[in-house]
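Worksheet: one structure, shown below.
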Amino acid sequence: MVSARDQLLVVIDPVARLTDGESVRIARDVLGAGAAVRVCLPDGPEDFTKALARRGARRLVVIGDDRALLRAVGALHRERGLGGTALSVVPVGAAQSLARALGVPAGAVAASRAVLEGVERRLDLLVDDSDG
């Protein structure tokens, strides 16, 4: 039986697919070898947000750059789902400074293994007066 921790919703940012399809494929393969994976390929920000809303009990994994990570955090914050949702990222793309600052391993294989074998770490979120 597959535990809830081993069920992943992998949302692949369209920019990551275009800029580094090989790293995206590698990340999918590594994640799929270690967990039950449902892959979502949104076409844009609206589809990306809809995919997050339909995650159910699956653990959320975003494959993309810092912008994709921020989009996911923003969407989860708007639905007030950050407190009860684990969010993992496999950084793929040009903008990876936030992922590096958070200690996410570089490279698709290392980051995907960290998703599968790593431990959850709670982080604070700073929100301004306009809830942004």
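The values are calculated or read from the model by the stated rules, or taken from the named source; none is laboratory data. This structure is a prediction, so every number in the text was calculated from the model and none was measured. All Cβ positions, glycine included, derive from the backbone under ideal geometry; neighbour counts span all protein chains shown. We work out accessible area using only protein heavy atoms, side chains counted, and drop any ligands, DNA or RNA first. Shrake-Rupley method; radii C 1.70, N 1.55, O 1.52, S 1.80 Å.
Against the condition touching a strand residue (DSSP E or B) at 6+ places or on another chain (Cβ under 6 Å), closer than 25 Å to G21 by Cβ and surrounded by fewer than 17 Cβ atoms within 10 Å (Cβ to Cβ), how does R38 come out, does it pass?
Taking the combined requirement at face value, the residue satisfies it.
Please enumerate the residues belonging to region 69-123 that are assigned to a helix (DSSP H, G or I), among the polar types (S, T, N, Q) and modelled with pLDDT of 90 or more.
Passing the criteria: only S112.
Of R71, R80, R25, R113, which residue is of a type outside the set (G, A, S), in contact with a strand residue (DSSP E or B) (Cβ under 9 Å, 6 or more places away or on another chain) and open to solvent by 10 Å² or more (accessible area, probe 1.4 Å)?
R71
Being hydroxyl-bearing (S, T, Y) and more than 16 Å from V61 (Cβ to Cβ) is the filter here; which residues of region 78-132 pass it?
S97, S130
Return yes when D128 is open to solvent by less than 20 Å² (accessible area, probe 1.4 Å) and out of contact with any Gly (no Cβ under 7 Å at 6 or more places or on another chain) and no when it is not.
When the stated conditions are applied, D128 does not pass them.
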